[in-house]
Every structure is written in structure tokens, then in C-alpha cells.
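These notes concern the structure reproduced below.
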Amino acid sequence: PFDQVDFWSTKLRAPICYNAPASRTVLQYTLRRTQLALAGLSRTQILTRIRAMSLPTPEPGSMSYMLSKKQNLGEGAGSWMPHVMFHLPKSYGAGNGAIWGADLAGSPIVFDNTHHLVPEPQTILMVPVSKWSDGSPAPTM
């Protein structure tokens, strides 16, 4: 996320596998951010440019998988849990995820509030899963 201390750090590793709908839409957000960062723009310039872009909303059924044990999601975060992510248009009523049952007691759905500064037109809901990609058990929540 743009507000992380280690924004665009080479130590970050967030291997993500996108399904076909997310590859056509959500992956474009990362590709555009990467192009701007590699062009030498600052964090502020990248945010400004992305806000001015016309980006597609996630296609219906857009989801991704983060199942690698080797993920490093930033300083202090390290490796979280293996999880699947559902990418919804911001305008889809996802709001803070409450309508989807996110973050409620006993609900497996987690609202991704780390992307509150991200100007891309998506809301991310995550569901932790019980195994890493190598089949080993994940920590319990």
C-alpha cells in the first residue's frame, strides 16, 4: 500500500496468482504502478497519476490467491496467512465489507483496510485458508 513505510521496497514479496477476470482488470493496477515507479516517479507522483487514470473496475468473479509461505508483506507484517482475495468494484456496495460479513465475530471474511489510500476502483475481501501452496498447514487465526 502507498502509505507503508517500506513502499516499493525490494524486500517485499507478495506472490499473487490472478484468475482470468482479475488478470484482465486488477492486474492492470499493479502493472501501471510498476511502470510509473520504474520511470522514477515519487510516491506522490504515482498516486496523482493513478488518480487521473481511467482504470477498469474488477470484472465479476475477479479473485486472486496468495498462498506462498515466502511472502513478505512489509516491515512488521512479514508473512501473513495463505488466503484468497475477492476483488469487487468500490461502487458495488462493498464499503467497509460489513455487507459481506467481513470482520464480524466468527466470520472467515476479512476486509482489507490496508488499501484505504489506494485510488484503484476496488475493494478487497480476503478469506484465509488452512494450507500453504506446498500443502503444509497454515497458522490458525
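Summary table below
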item: Segment 16-73, residues that are surrounded by 13 or more Cβ atoms within 10 Å (Cβ to Cβ), closer than 19 Å to VAL127 by Cα and modelled with pLDDT under 90; result: GLN71, ASN72, LEU73
item: Any pair with Cβ under 9 angstrom, 6 or more apart, that starts in segment 38-56 at a residue that is in contact (Cβ under 8 Å) with a residue 60 or more places away in the chain and ends at one that is in a loop (DSSP other than H, G, I, E, B) and surrounded by fewer than 13 Cβ atoms within 10 Å (Cβ to Cβ); result: LEU47/LEU117
item: Qualifying residue in segment 82-104 (condition: more than 15 Å from the chain's Cα centre (by Cα), at pLDDT 80 or above and over 18 Å from VAL127 (Cβ atoms)); result: no
item: Residue within segment 52-74 that is among the polar types (S, T, N, Q) and farther than 24 Å from TRP132 by Cβ present; result: yes
item: Residue pairs meeting the criteria (Cβ under 8 Å; at least 6 apart or on separate chains; first touching a residue at least 12 places away in the same chain (Cβ under 8 Å), in segment 57-74; second among the small types (Gly, Ala, Ser) and not in a loop (DSSP other than H, G, I, E, B)); result: THR57/SER91; PRO58/ALA22; GLU59/ALA22; SER62/ALA22; MET63/ALA22; SER64/ALA22
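The values are calculated or read from the model by the stated rules, or taken from the named source; none is laboratory data. From a predicted model like this one, the values you see are computed outputs, not experimental measurements. Backbone-built Cβ (ideal geometry, glycine too); neighbour counts: all protein chains shown.
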